[in-house]
1. Place a label point 7 angstrom from the Cα of Ala149 along the Cα-to-Cβ direction, then list the residues of segment 114-139 whose backbone nitrogen is under 18 Å away.
2. What lysines sit close enough to Lys61 to cross-link, taking a C-alpha to C-alpha distance under 19 Å and skipping anything fewer than 8 places away on the same chain?
3. At 222 nm, what helix-only mean residue ellipticity would the chain give, in deg cm²/dmol to the nearest 500, using -39500 (n - 2.57) for each DSSP H run of four or more?
4. How far, in degrees from 0 to 90, does helix 7-31 lean away from the longest principal axis of the Cα atoms of the chain, to the nearest 10?
5. Tabulate in residue order the Karplus-calculated ³J(HN,Hα) for segment 112-127, using 6.51 cos²θ - 1.76 cosθ + 1.60 with θ = phi - 60°, rounded to whole Hz; enter x for Gly and Pro.
6. Taking 0.36 nm per residue of separation and subtracting the Cα-Cα distance, what length does fully extending Ile56 through Asn190 add?
7. Can you give me the Rg/Rh ratio for segment 87-175, using Cα atoms for both radii and the Kirkwood formula for Rh?
8. Using the eigenvalues of the Cα gyration tensor, what equivalent ellipsoid semi-axes result for the chain when each is taken as the square root of five times the eigenvalue, whole Å, largest first?
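Coordinate-derived values only; no laboratory data. All figures in this text were calculated on a predicted structure; none of them were measured in a lab. FYI the Cβ positions are ideal-geometry reconstructions off the backbone, even for glycines, and counts take in every protein chain you see.
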Amino acid sequence: MTESNSPKLKRDRIISALLISLLVILVLALFLKFIVVEPNYVSGESMMPNFTDGEITWVYKLAKPQRGDVVVFYRNDVNKFLGEFSFLTDKEKYERLIKRVVALEGDSLWTEQTVDGNWLLVIKTADGEILRENYYERNGKPAQFYDGAGKLTETAYLYYPGSYLKDATKYEPYVVPQGCIFVLGDNRGNSVDSRMIGAVPLSRVCGKVL
């Protein structure tokens, strides 16, 4: 028996191949975790019924947010907390929210009230196209929302304009600032979003929910 065919040498080669494979898998996993995708836990009821409290989602970190995407972002500008506001807890400093992108930079927004008293959002893109919120999806199906009676519907009722949209009209709309997106929760009667906190800078966006 030659040395190259010895059982010990074969065993060593198999072990080396397994170790190399494990190392490659580990490197790929770390790459995916820190560069491409990461898990995110949904906290709260602001995205119901499409996303539930405690649900695990995967966030694609390299995506550029588009209208209709669901994104995860830092509520605050975390860079400001490097040396300031030390009295805040880590949760308050680095709180992450999950919301739906309804408008991009340069879009104009205003509200319309229906005959039954519900508010609807109107979006005019930077190219002049008028959009209604009727193209959102969850798992390939139309996203669902709640109406005033708490029943499920595919109509994205706004519930209330909030401080950023309350004075917006067709003739004096709210314009999303450059480098920002305007986000809303799907459960709009129970959501802290751009109606109250304003447009979200892209620098705070962690990624798109897959």
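1. 114-119
2. Lys33, Lys99, Lys208
3. Counting only the DSSP helices, I get -5000 deg cm²/dmol.
4. 20
5. Each residue of segment 112-127 in turn: 10, 9, 7, 5, 8, x, 7, 9, 10, 9, 10, 10, 10, 6, 4, 8 Hz.
6. On the way: separation 134, 0.36 × 134 = 48.24 nm, distance 2.02 nm.
Full extension of this stretch gives 46.2 nm more.
7. Working: Rg = 15.4 Å, Rh = 15.0 Å.
The Rg/Rh ratio comes out at 1.03.
8. On the way: eigenvalues 411, 80, 53 Å².
That gives 45, 20, 16 Å for the three semi-axes.
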